[in-house]
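Okay, structure first, notes after.
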């Protein structure tokens with residue numbers, strides 16, 4: 001079984017989707033501990049994340065890795081009996097595409113990369129009204145809020161969201177990062193965010209810097 | 001033309017490319033810009049007279065299709081005031097799977113049949129009955145005569161009537177657009193976009209498989225995808241060539257979405273994107289056309305590859321690519337266009353804009369082959385004084 005688990009990690013990390021899902025199925029059928037199996041998936045995802053950070057993998061690999069993780073997760077999770085909801089996380093991040101903007105590819109990739117780096121991510125979706133961010137911050141008390149937007153209209157929507165967070169008295173304890181096709185230093189200053197990122201690795205680095213392990 | 005053919009013009013040339021900014025500049029809303037053809041024409045005329053660019057991209061073709069979309073019950077876009085979207089936002093494309101993976105062969109075997117029977121019914125309610133039309137390759141001789149029956153079916157008849165109504169609406173828009181193009185021509189402003197074209201991978205990813213499907217297909221359906229891309233290299237150019245001919249011009253706008261750094265690996269780019277797109281560019285150039293290729297995002301790492309096109313024929317319009325590196329790589333090959341940042345035009349000051357434009361002229365403008373523009377055209381929310389500063393500055397940049 002030791003060899004097979006190593007093989008599984010390697011297959012996922014090397015993008016061998018069909019083989020990886022088949023092997024995971026065989027291992028579970030043979031009685032392999034589903035919790036341990038998901039641990040191997042996490043190990044593989046860390047390798048995928050490292051390869052992405054190193055410029056070896058790009059968006060298509062992240063997308064496929066996400067699909068493999070979901071397929072294996074769907075097989076393993078129903079077999080898990082113990083409660084794992086109390087598992088320790090690296091921190092909580094609330095993320096969403098700001099009001100008026102319907103784009104979600106960038107946000108989804110950032111969510112995926114944060115999750116495989118151990119963060120609990122509350123994804124509020126697209127076209128998110130300011131009040132949803134406020135309610136979610138009150139409920140989940142995140143360390144970081146990520147505002148995403150592809151269109152230039154997002155600059156104002158980000159600014160309004162950040163102003164509203166401030167007006168609600170919630171700004172002090174959280175860090176806010178913005179991301180999307182056209183953000184830069186000027187937009188960061190304009191919106192009042194703490195930082196901007198151009199890709200998913202920037203988001204992970206910022207969260208790790210702001211939420212020390 | 002001097003800039004495109006890599007000679008020094010008299011001064012730094014500019015092109016006005018805007019979706020909604022010209023409308024907002026005249027006090028219109030996003031929704032009005034999509035619905036009020038005359039109002040948009042007046043707004044465009046005002047912007048042109050105020051800014052005096054050397055060329056422009058017709059704005060009606062970019063935004064004025066609200067009424068036609070209503071008639072068709074169009075589903076690939078959300079637009080201001082339609083369904084859940086507010087009135088003060090631009091229209092947005094809905095990324096989704098419009099062709100299933102098992103339909104690759106259907107498309108490759110008979111693209112027109114696939115578009116008519118499968119694709120169009122998925123993108124607009126009005127087209128749904130088109131799925132009942134005959135498959136003509138197998139309909140011959142007296143069967144052609146008999147096939148007329150399908151056109152008289154109540155639902156097909158309704159679809160055809162709706163399409164005629166949509167066509168009439170589009171003719172109304174086109175008539176006003178043509179009148180504006182003539183008025184601007186009389187004032188000395190030539191259009192610099194006579195038709196639009198695409199990269200094969202963008203067609204596959206944006207319009208057929210959806211972004212998620214296309215990315216997964218690089219692994220799951222690699223051979224099918226490559227076969228489709230090959231077919232698209234042949235299928236894409238005739239549309240642009242015919243449209244440019246009908247418009248009486250030779251400038252083709254080619255917006256790209258998937259070519260940028262970070263989306264694909266260099267190996268994926270040289271397998272799935274560049275070779276097929278290069279073929280499309282060469283076909284357009286052979287037909288006597290000048291492609292203005294909008295390389296969205298940052299494409300700095302692609303420069304060495306994409307310089308391989310005939311000199312003095314293309315314009316590469318860059319969004320975030322390093323213009324200084326682009327100039328080095330493309331000098332003597334390709335005219336470059338861009339790229340005053342959207343953030344500067346929205347949140348900066350006229351002085352910052354002027355300084356940036358001057359810096360671009362002094363470095364990237366060296367020897368000609370450079371057209372000043374915003375990063376993906378003038379952003380909708382740009383401050384008027386910043387846009388005026390950009391176009392005014394170009395007039396002061398004399399060779």
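Things to note:
- Diffusion coefficient, µm² s⁻¹, Stokes-Einstein with Kirkwood Rh over alpha-carbon pairs of segment A:91-210 at 20 °C and 1.002 mPa s: 158
- Between the C-alpha center of segment A:1-75 and that of segment A:85-116 there is a gap of 21 Å.
- Gap separating the Cα centres of segment B:259-307 and segment B:110-140, nearest whole Å: 32
- In plain terms, the residue of A:5, A:148, B:150, B:211 with the fewest other Cβ atoms within 10 Å comes first and the most crowded comes last, giving B:150, A:5, B:211, A:148.
- Note on residue A:56 and residue A:7: with the Förster distance fixed at 22 Å, the Cβ-Cβ geometry gives a FRET efficiency of about 0.60.
- Chain B: relative contact order as a whole-number percent, Cα under 8 Å and 6+ apart: 22
- Counting only Cα atoms, the size of chain B along its three principal axes is 68, 47, 38 Å, in decreasing order.
- Relative contact order, whole percent, for chain A stands at 17, derived from Cα pairs under 8 Å and 6 or more residues apart.
- Sorted by Cβ neighbour density within 10 Å, fewest at the top, the residues B:140, A:198: B:140, A:198
- Across all Cα pairs in the protein assembly as shown, the calculated P(r) in 10 Å bins from zero up to the longest distance comes to 3, 14, 24, 26, 19, 10, 3, 0, 0 percent per bin.
- For the protein assembly as shown, the 222 nm mean residue ellipticity estimated from helices alone, with every DSSP H stretch of n ≥ 4 adding -39500 (n - 2.57) and the total spread over all residues, rounds to -15000 deg cm²/dmol.
- Relative contact order [Cα under 8 Å, 6+ residues apart], segment B:1-81, whole percent: 34
- In nm, spacing of pseudo-spin labels at residue B:108 and residue B:7 (7 Å Cα→C-beta vector): 4.7
- Percentage of interatomic Cα-Cα distances in chain A larger than 29 Å: 31
- Reported value for segment B:1-77: 103 Å³ per residue, from the convex hull of its C-alpha atoms.
- Taking the fewest neighbouring Cβ atoms within 10 Å as the starting point, the ordered list for A:162, B:145, A:105, B:371 is B:145, A:105, A:162, B:371.
- Antiparallel DSSP beta bridges within segment A:91-210, as percent of all bridges there, nearest 5: 0
- Relative to the longest principal axis of the Cα atoms of chain A, the long axis of helix A:2-13 makes an angle of roughly 40 degrees.
- Degrees between helix B:384-396 axis and first principal axis of chain B (Cα, 0 to 90, nearest 10): 60
- Taking every DSSP beta bridge that has both ends in the protein assembly as shown, the antiparallel portion is near 10%.
- Number of partner chain Cβ atoms within 10 Å, mean per residue of A:171-184: 2
- Remark: mean inter-chain Cβ contacts per residue of B:341-350 equal 5, using a 10 Å Cβ-Cβ cutoff to other protein chain atoms.
- Peptide packing: for B:281-293, B:16-28, A:43-55, the average count of neighbouring Cβ atoms within 10 Å per residue gives the ranking B:16-28, B:281-293, A:43-55, highest mean first.
- Peptides A:7-14, B:321-328 ranked from most to least packed by the mean count of surrounding Cβ atoms within 10 Å: A:7-14, B:321-328.
- Normalised by 2.2 N^0.38 Å, where N counts its residues, the alpha-carbon radius of gyration of segment B:277-395 equals 1.08.
- Peptide B:259-266 is shielded by partner chain Cβ atoms: per residue, an average of 4 of them sit within 10 Å of its Cβ.
- 0 to 90° range, to nearest 10: angle between helix B:274-286 axis and chain B longest Cα axis: 80
- Divide the volume of the convex hull around the Cα atoms of segment A:2-79 by the residue count and you get 72 Å³ per residue.
- Scoring B:222-228, B:151-157 by mean Cβ neighbours within 10 Å over their residues and listing the highest first yields B:222-228, B:151-157.
- A Cα-only calculation for segment A:63-125 places Rg and Dmax at 13.7, 42 Å.
Just so you know, all these numbers are worked out from the coordinates, no wet-lab data involved. This is a predicted model, so every value here is computed, not measured. Ideal geometry is used to build each Cβ from the backbone, glycine not excepted, and the neighbour counts take in all protein chains shown.
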